[in-house]
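Asks: I'd like to ask you about the structure that follows.
The values are calculated or read from the model by the stated rules, or taken from the named source; none is laboratory data. This one's a predicted model, so the numbers in the text were calculated from it and none came from an experiment. Counting neighbours? That spans all protein chains shown, and the Cβs are built from the backbone with ideal geometry, glycine included. Heads up: the accessible areas ignore ligands, DNA and RNA and are worked out on the full protein's heavy atoms, side chains in. Shrake-Rupley method; radii C 1.70, N 1.55, O 1.52, S 1.80 Å.
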Amino acid sequence: MTTIKLPSSVTDTLTLAGAATSFYLFTQFARHLYIYLRPSSIGKYRSKDKETWALVTGASDGIGLGFAQELCRRGFNVFLHGRNREKLLGIQARLKAEYPAVNTRIIVFDAGGSTANIDAIAREVGDANLRVLVNNVGGQTGVSHTYKRFDELTHDEVEYLLSLNARFTTHITRVLLPILERNEPGLIMNVSSIASAGFPWLSIYSSTKGFIDSFSGALNVEMKACGRKIEVMALRVGSVSTAAMDVKANLFTPTARTMASAALNRVGCGEHLVWGYWWHRLQGLGFDVLPRGVMLSAVTGRLRQLKADADRKEKSQ
């Protein structure tokens, strides 16, 4: 058997390439591990000498309520945004009973409607020491069926989804940014989704989450370029057990409050786009290492099943 001996220059190059690859993989692994092991920096946004406020959009249930609870637990006063006044008043009473020392105020505004008078929200915040904005509001509400083909959506449904998931977040950030800058350091956390990869039957929702990712990255860079002490993060979220999702909590599907707590623990990690929950990050690795077609084929199968379940439930009503 003939043995082929490679020139020393080739073996040296291959050895160097292998070492470089190993080093790269190790640094990537260490970077991701650091994100989930380091202590949160959320405390630096809480003033020591006066009340500090956070504002959470879509705070009447789901992940938004989880954020409101966790921010109260961590010593922040919270503006609770939603479209249903009675529901918000109930949440306000609930938080007061759980955290007597914390103050809350409600802001009623339909995120899926017109944003022409959104300056009213800034006026309601007024001179409060607002330092944290959590743009959580979003979803598929306002659509007659959760899973619809793009061409089955009506004009009004498209407009509502665009406003709910993109326009409102964009405009409330615009009108509150001067307040955050006045009180800096500040934090803007925009809730995104694994659906930003592009999912069938969720075309508008998926694309608006892609916008949220890009918008957050651009604004984060802009704040740094302008010398502002405003941290901007997009939060990738997978499946979460909420009343709207109607799925049981498990290792890969946390409760809304667990999701919110994990997200706040990522504050200060240095990334503008981060998976808040460790087990969601593991799921997301599939999109990083497997061919896109393979992952989307699996996702399509799952969504096809969910669509069929929703169709059956709708017919039975």
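Asks: Could you check residue 100 against (1) more than 25 Å from residue 184 (Cβ to Cβ); (2) assigned to a helix (DSSP H, G or I); (3) at pLDDT 95 or above; (4) more than 21 Å from the chain's Cα centre (by Cα) and say which number it fails?
Replies: (2)
Asks: Let me ask something else about it. Among the listed residues 150, 199, which satisfies the condition of being crowded, with 19+ Cβ neighbours inside 10 Å and either more than 21 Å from residue 43 (Cα to Cα) or of a type in the set (Gly, Ala, Ser) (or both)? Let's see the steps before the verdict.
Replies: Working: 150 fails: crowded, with 19+ Cβ neighbours inside 10 Å.
None of the other options fit; the residue is 199.
Asks: Sticking with this one: Is it fair to say residue 209 is crowded, with 20+ Cβ neighbours inside 10 Å, part of a helix (DSSP H, G or I) and at pLDDT 95 or above? Walk me through how you get there before you give the answer.
Replies: Working: crowded, with 20+ Cβ neighbours inside 10 Å: yes; part of a helix (DSSP H, G or I): yes; at pLDDT 95 or above: yes.
Yes: the conditions hold for residue 209.
Asks: Residues of region 171-193 being open to solvent by less than 40 Å² (accessible area, probe 1.4 Å) and part of a helix (DSSP H, G or I), which ones?
Replies: 172, 173, 175, 176, 177, 179, 180
Asks: If residue 105 satisfies all but one of (1) under 25 Å from residue 142 (Cβ atoms); (2) within 24 Å of the chain's Cα centre (by Cα), what's the number of the condition it fails?
Replies: Every listed condition holds for residue 105 apart from (1).
Asks: Could you go through region 192-199 and let me know if any residue there is within 19 Å of residue 118 (Cβ to Cβ), touching a helix residue (DSSP H, G or I) at 6+ places or on another chain (Cβ under 8 Å) and at pLDDT 95 or above.
Replies: First, pick out the residues of region 192-199 that are within 19 Å of residue 118 (Cβ to Cβ): none.
Checked region 192-199: no residue is within 19 Å of residue 118 (Cβ to Cβ), touching a helix residue (DSSP H, G or I) at 6+ places or on another chain (Cβ under 8 Å) and at pLDDT 95 or above.
Asks: Hey, another quick one. Can you give me the number of residues within region 128-162 that are of a type outside the set (Asp, Glu), more than 26 Å from residue 55 (Cα to Cα) and assigned to a helix (DSSP H, G or I)?
Replies: Residues meeting the conditions: 3.
Asks: Determine, yes or no, whether residue 234 is within 14 Å of residue 193 (Cβ to Cβ) and in a strand (DSSP E or B). Let's see the steps before the verdict.
Replies: Numbers: within 14 Å of residue 193 (Cβ to Cβ): yes; in a strand (DSSP E or B): yes.
Yes: the conditions hold for residue 234.
Asks: Are there any pairs, at least 6 apart or on different chains, whose C-beta atoms fall under 9 Å, with the first in region 96-121 and farther than 16 Å from residue 56 by Cβ and polar (S, T, N, Q) and the second open to solvent by 30 Å² or more (accessible area, probe 1.4 Å) and not in a loop (DSSP other than H, G, I, E, B), and if so, which?
Replies: Within 9 Å, the pairs are 115/167; 115/170; 115/171.
Asks: Now for a different question. Quick one: how many residues across region 202-248 are acidic (Asp, Glu) and in contact with a Phe, Trp or Tyr (Cβ under 9 Å, 6 or more places away or on another chain)? Talk me through it step by step, then tell me what you get.
Replies: Taking region 202-248 as the starting set, the residues that turn out to be acidic (Asp, Glu) are 213, 222, 231, 246.
Adding the requirement that they be in contact with a Phe, Trp or Tyr (Cβ under 9 Å, 6 or more places away or on another chain) leaves 231.
Total meeting the criteria: 1.
Asks: OK, next. Give me a count of the residues in region 264-298 that are surrounded by 13 or more Cβ atoms within 10 Å (Cβ to Cβ), in a helix (DSSP H, G or I) and of a type in the set (D, E, K, R).
Replies: 1
Asks: Please name all residue pairs, on different chains or six or more residues apart, with Cβ atoms under 6 Å, provided the first residue is in region 248-263 and is in a helix (DSSP H, G or I) and the second residue is at pLDDT 90 or above and of a type in the set (D, E, K, R).
Replies: 260/70; 261/70
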